[in-house]
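Read through the structure below, which is laid out as structure tokens, and then see the notes.
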Amino acid sequence: MNKRSQVGGIMAREKSDGSKGVSGRKKYDVAIIGAGPAGLTAGLFCRFRKLSTIVFEAHSSGGQLTFLYPAKKVHDYPSHRDILAGDLARAMVQQTLFHGIALKEMERVEKIDGKAGNFKIISSKNIYRAKVIILSVGMGVFKPRKLSIAGEREYFGRGLCYRLPENEDISGKRVVCIGGGNSSLEAAIYCKDSASDVIILCKSHSLDAFETYIYMIKKEKIRVIYGVEPQEVYGGQKVEGIRVFHTKSKKQMDIPANVIVINIGSVPDFDLVSNWSVRYSSNGVVVDPFMRTSRKGIFACGDMVDYPGKLRLLISASGEAAIAAESAYRFIRSLK
């Protein structure tokens, strides 16, 4: 069993909300859509306010921590010098369940009807009601940005990926990480332990990442090639390399690789939220400082939201979630 399967399948559970068992319950104070770090944190703070709370997750709880990189070490979350992302997700889920939320995994919210104070939530399995809603679907409203070059689509899943590969898929192999931001550098650092060689390809002439990650790249002696533009992924049955154009020398270069990990950002895909009647920009769902969306009674937090100064970090998502939960509590009080 690989590490991802060990940490990615946290069983859905339901616990008492303090007044009655939630089994069969269909009406709540708060419905949270998305059980990543933001959704789980929002659920925790809603329960601190004694709000009956249900959390929906279309996949397994934990969000990116379990889906994209469960075996990656997280270095930027307070209280942990480093911790596996999957272990952090598991701890978050267990703490939230302990405080009594109803967690519905593998249950997708398809429609939101009604109005503040009496929302009707139609999921893939049932119908529920809630006074307020907190959206926290995270990167569920984004797709990985593609290079849009020859061979990219052909070799996806055959050595080319947009997420951290399994350890067994990179063991003893040559890995090329594309991108100069935090995600790409984190991927390179993660791959270094198992791969025979790791190279970073950066389109610009400098890395745009935390200085800590840049230091780690230098410490691990991971080679960075600057000023290159990917042109074609090539190979046979699987990836064998990538052809790039070096902007300084004006020459093409073939870089052999068994695995190519692409991390050049993401693009929004708002099909999921377009029917929920909340305003969004090109960067996410628009919220105010209280995490209120344009639709009364609906709040949002985490990677999916957009506001001036937004940072897409794990710690930021947790802070936004606490604000959203407090705003939901105050809104519910105003209904009485």
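Descriptive notes on the structure:
- Residue match in the stretch 267-280 (condition: within 30 Å of Met304 (Cβ to Cβ), touching a Pro at 6+ places or on another chain (Cβ under 9 Å) and among the hydrophobic types (A, V, I, L, M, F, W, C)): yes
- Unmet requirement for Arg90, which otherwise passes all of (1) modelled with pLDDT under 85; (2) of a type in the set (Lys, Arg); (3) surrounded by 15 or more Cβ atoms within 10 Å (Cβ to Cβ): (1)
- Among the residues making up the stretch 73-106, those that are without any contact (Cβ under 8 Å) to a residue 60 or more places away in the chain and either charged (D, E, K, R) or touching a His at 6+ places or on another chain (Cβ under 8 Å) (or both) are Arg81, Asp82, Leu88.
- Subset of the stretch 283-308 (residues that are in contact (Cβ under 8 Å) with a residue 24 or more places away in the chain and hydroxyl-bearing (Ser, Thr, Tyr)): Thr293
- Number of residues in the stretch 59-82 that are aliphatic (A, V, I, L, M) and open to solvent by 30 Å² or more (accessible area, probe 1.4 Å): the value is 1.
- So Leu65, is it under 12 Å from the mean Cα position of the chain (by Cα) and within 23 Å of Ala188 (Cα to Cα): yes
- Selection within the stretch 93-122 - closer than 17 Å to Leu40 by Cα and open to solvent by 50 Å² or more (accessible area, probe 1.4 Å): Gln94, Gln95, Phe98, His99, Met106, Arg108
- Hits in the stretch 229-253 - residues which are without any contact (Cβ under 8 Å) to a residue 12 or more places away in the chain and outside any strand (DSSP E or B): Gly236, Ser249, Lys250
- Selection from the stretch 263-294 of residues that are open to solvent by 50 Å² or more (accessible area, probe 1.4 Å) and either at pLDDT 90 or above or of a type in the set (Lys, Arg) (or both): Ile264, Arg279, Pro289, Phe290, Arg292, Ser294
The values are calculated or read from the model by the stated rules, or taken from the named source; none is laboratory data. All figures in this text were calculated on a predicted structure; none of them were measured in a lab. No Cβ is skipped: glycine too gets one built from the backbone with ideal geometry, and neighbour counts run over all protein chains shown. Each accessible area value is taken on the protein alone, full model and side chains, heavy atoms only, with ligands, DNA and RNA left out. Shrake-Rupley method; radii C 1.70, N 1.55, O 1.52, S 1.80 Å.
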